[in-house]
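Before any comments, here is the structure.
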Amino acid sequence: MSEIVGQTRDEILLKVQAAQNLSSEEPERAELLLRSALSAAEVLGHSSPTLHLQLAELLHRLRKTHQALAEVTEVLELDPFNLVALNLHRRLERGTR
């Protein structure tokens with residue numbers, strides 16, 4: 001069982017690394033990889049504020065404000081003192097008014 005978890009964790013990390021590499025030139029593909037990594041982490045029973053924040057920042061860059069706001073809200077539910085998320089949340093809220 002731990003071997004399967006280890007493989008899945010490695011797959012998640014590979015997706016996150018690929019997303020980071022693609023975020024500048026292929027942000028839509030990076031978005032898909034981050035969403036896939038989040039789904040795989042949830043299958044393992046984990047909800048990662050870091051992955052949600054990366055996705056929120058990417059969605060903000062893609063001007064998907066409402067989706068970005070949903071992701072950054074998830075970050076703040078998991079980590080209410082995350083200053084990066086708090087600042088992004090404020091910027092996104094101003095953008096939706």
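Here are some notes:
- Filter result (farther than 18 Å from ASN87 by Cβ and open to solvent by 20 Å² or more (accessible area, probe 1.4 Å)) within the range 41-62: GLU42, VAL43, LEU44, GLY45, HIS46, SER47, SER48, LEU62
- A single entry from LEU69, LEU55, LEU44, LEU83 fulfils the requirement of being touching a helix residue (DSSP H, G or I) at 6+ places or on another chain (Cβ under 7 Å) and either charged (D, E, K, R) or more than 17 Å from VAL16 (Cα to Cα) (or both): LEU69.
The values are calculated or read from the model by the stated rules, or taken from the named source; none is laboratory data. Nothing here was measured: the structure is a model prediction, and the numbers come from that model. Please note: Cβ atoms are built from the backbone with ideal geometry, for glycine as well, and neighbour counts cover all protein chains shown. Accessible surface is based on the protein model in full, side chains and every heavy atom, while ligands, DNA and RNA are left aside. Shrake-Rupley method; radii C 1.70, N 1.55, O 1.52, S 1.80 Å.
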